[in-house]
Amino acid sequence: MKPPPRKLHIKSYGCQMNVYDAQRMVDTLAPQGFVETANADDADLVILNTCHIREKASEKVYSELGRLRLAKEEAARAGRTMRIAVAGCVAQAEGTEIINRAPVVDVVVGPQSYHHLPQLLARAEADGRAIETEFPAEDKFGFLAQPKAASIRARGISAFVTVQEGCDKFCTFCVVPYTRGSEVSRPVAAIVDEVKRLADHGVREITLIGQNVNAYLGDGPDGRSWPLGKLIHRLAEIPGVTRLRYSTSHPRDVEDSLITAHRDVPALMPFVHLPVQSGSDRILAAMNRKHTAEDYRRVADRFRTVRQDLAFSSDFIVGFPGETEEDFSATLALVTQIGYAAAYSFKYSPRPGTPAAEMRETVSAAEMDERLERLQGLIDSQQSAFNKAAIGTTVDVLFERPARNPGQVVGRTAYLQPAHVMASADIIGQVLPVRIDSLERYSLIGELASGAEMRAQHALSI
Ligand code: SAM
Ligand code: SF4
């Protein structure tokens, strides 16, 4: 017999992997009768899928739990039971401490155990509480329910697929190796099946994700271990897959099959997120990045040799312990040499249990603010120059959804720039050439290039 419908609200913080995990939690709870609701206050189950990467991210969870306590009391007064679960990396890092700080929480589940959510909820219903933060021996992916066709369609034409999890790099500032465990790759066949299913139900763009996605080494159907480049070749053969991306890569794991995939696979987009963190060799060594600034420049050159139109984005940390003005200048110099299409920059945040949190030579808050502003200023100017360069050119856009402005449809270029055109929503899911006329903040504005409209109509009629 079908279980009665229950409302599930899930809020995800942090990285793309959490977005993927949240969708898989929804899929896994669907057979239990859970349907998603956008409103936390009338949900029977609220899951906070948390991020522990910086202090601010962790603290957001506790303020949200404070708000949810009131919603749970209100639900109880109305005769309803609201259960609250904390999932993700804060759950993994803090375990029972979460319940001590926020007794309103019923379930705590780490990122490797969320396939056990139905059992954990049953335990919480019977015993009041359930906590699981071990790294189970089984592979959770083998136990997660597949999304229904309607859910895939509702999620749009772009999808994330986790191919690799965990990290063995142990950068001294980072909690990921402790919260996500060591590097594990999913088998090729499981990824091919998942991508086929997504493509069959209208997904056109797949982003392969992993904490160190290019450390991917999965069991291949030929009994060998396949690197990421070989996996990409295979996925590009799946009918319906028009664009492939991957994120996040580590500069040390860029092996030749990935470079040649950029040369040989047209579906692989020429936009690579390649975090460097700092341009100073002294700081890179203190961060345990195991590469120098020159190593990074050489890796960037290898990519650009096979595809001159390839663009990079990156991550930077300012104010790592001991960072001097000279170290910071080396970061600015590296940014100038590489030239980024986009980048994220963060103030260093000490994380409990990491080696850098014990380092004494801290950088003052004022210096961090000042450096962040200078770095972001430089990155912004590079990003605007990159976007402006698109004006007057014709670029391929994969159309995703109707825009907020009536009559407009929005899509993304190869470099993930949003692009708007006036057109019928029938073009959603297609890659069409767009003549770019202008730029509004970060969005490109243009019109379908001559012939594109004809192609769109033709596609509809066949
Ligand atoms: N694996 C990726 C790599 O090696 O670059 C990064 C994954 S991490 C989830 C995303 C970004 O968060 C990092 O690239 C780094 O810039 C930032 N980050 C990680 N720990 C941090 C910390 N303690 N303080 C500030 N930023 C941090
Ligand atoms: Fe964290 Fe470094 Fe691993 Fe990236 S490579 S997840 S920054 S430890």
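Readers should treat all values here as calculations from the given coordinates under stated rules, not as data from a laboratory. On a predicted model such as this, the values are computed, not experimentally measured, just so you know. Cβ sites come from the backbone with ideal geometry, for glycine too, and all protein chains shown count toward neighbours.
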Scalar couplings 3J(HN,Hα) for the stretch 388-401 by Karplus 6.51 cos²θ - 1.76 cosθ + 1.60 (θ = phi - 60°), nearest whole Hz, x for Gly and Pro, are 4, 5, 6, 5, x, 9, 10, 10, 7, 10, 8, 7, 10, 6
Among bridges DSSP assigns within the chain, what percent are antiparallel (round to 5)?
35
Could you give the nm distance between label points at Ala149 and Gln32, where each point is 7 Å from its Cα heading toward the beta carbon?
2.7
I'd like the Karplus ³J(HN,Hα) series for the stretch 305-317: coefficients 6.51, -1.76, 1.60, θ = phi - 60°, whole numbers in Hz, and an x wherever there's a Gly or Pro.
5, 8, 9, 5, 8, 6, 10, 10, 10, 7, 10, 10, 10
Hey, could you pull the Cα Rg and Dmax for the chain, both in Å?
23.1, 68
Mind checking which aspartates and glutamates have their Cα closer than 20 Å to the Cα of Lys7? Skip sequence neighbours fewer than 8 apart in that chain.
Asp21, Asp27, Glu36, Asp41, Asp42, Asp44, Glu64, Glu73, Glu74, Asp106, Glu125
Footprinting exposure proxy for Ser450, Ser257, Ser424 (fewest neighbouring C-beta atoms within 10 Å first):
Ser450, Ser424, Ser257
On the first, second and third principal axes, largest extent first, how far apart are the outermost C-alpha atoms of the stretch 86-168 in Å?
41, 34, 23
In debye to the nearest 20, the charge dipole size for the stretch 286-391, taken about the Cα centre with +1 at each Lys and Arg Cβ and -1 at each Asp and Glu Cβ, equals 540
